1. Would you mind checking which residues have amide H under 5 Å from D85's amide H? H placed 1.01 Å from N; only 5 or more apart, or other chain.
2. Using a 7 Å offset from the Cα along the Cα-to-Cβ direction at both A139 and V6, what is the distance between the two label points in nm, to one decimal?
3. Just to make sure I understand: if all protein chains stay in place, what is the order of T234, T131, T118, T77 by accessible area at 1.4 Å, largest first?
4. One-quarter of the Cα convex hull surface for segment 67-127, in nm²?
5. Ratio of segment 176-232's C-alpha Rg to 2.2 N^0.38 Å, to two decimals?
6. Among 167-174, 106-113, how do they line up from the highest to the lowest mean number of other beta-carbon atoms within 10 Å?
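The values are calculated or read from the model by the stated rules, or taken from the named source; none is laboratory data. Source: prediction; values computed, not measured. Don't worry about glycine lacking a Cβ; one is built from the backbone with ideal geometry, like all the others, and counts go over all protein chains shown. Ligands, DNA and RNA are excluded from the accessible area calculation, which covers all protein heavy atoms including side chains. Shrake-Rupley method; radii C 1.70, N 1.55, O 1.52, S 1.80 Å.
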Amino acid sequence: MTKEQVFIALRPLRFGAVHLQPGDPVPVEAGRDYRLMQRLGQIGPAGPAVPAAPQEEPLLTPYEAGSPVVFVAEDGTYTFVTFLDALEAPEEVQEGMGLKEDDVVASVVFPEDPDNATFVSMASLLPEQPTRQLIEVLAREAREAALVPAPAQTQTITALQGRVAFLELLIQANREDGQPLADDFPSVKELRGNGIQTLEGLRLLASGEQARAHLIALDKIGEKSADKILAALTAPPVPEVQPEG
């Protein structure tokens, strides 16, 4: 995409923090694969010949178009893929994946086939961070545990189990349905970047004795941010003001 060529959205599309509707101009951002977005029918050159697409609400997802995410297969193996879009599963996809009508799937690109998009379940995706960091830590700790004498392995294995438990909890929190986080919630951008979209998912992650530690373990969440998040979760609800008369 260049300054001479302007694109518009051909269908509802999440672009960074912005939700584009058909006909909206597409912002210029370094690193975006606009050619791939054209091939997928997400955007097209601006001009009078562009057909108007029906208006519909974009699907809420924790991932931005073009962002790296982790795909976890049924056997537990993982692959870093590129997220493109979220959409209601087409009929042929529903049958092949055993989905129901209105189930949402993700369109992703695998590194070994960069020119073709593949449909996968939204539940099979995790945010790149902190998943990548956790995978690296788990792999390193597993290698170190195999090298130390048996009596010293207990502490390493305990730490490893804690990392695994946190990762499992994070996966549950990312997949928890419920009330979307408000735009003015503390560190909402960072929480969404970690895949946490709902208030129920956040409460699941930030519960128990390790609540603060779990929040600090997230990408781009520090101690001060964690304290503000916990304070917002425990604050009493604001009573509704009843109109007079």
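1. Those lying under 5 Å, H to H, from D85 are S107.
2. Once both label points are built, they end up 4.5 nm from each other.
3. On the way: T234 110, T131 5, T118 55, T77 75 Å².
Correct descending sequence by accessible area is T234, T77, T118, T131.
4. Working: hull surface 16.6 nm².
Spelled out: convex hull of the Cα atoms, projected over all directions, averaged, 4.1 nm².
5. Details: Rg = 10.0 Å, N = 57, 2.2 N^0.38 = 10.2 Å.
Cα Rg divided by the expected 2.2 N^0.38 Å: 0.98.
6. Numbers: 167-174: 17.6, 106-113: 15.4.
Put in order of decreasing packing, that is 167-174, 106-113.
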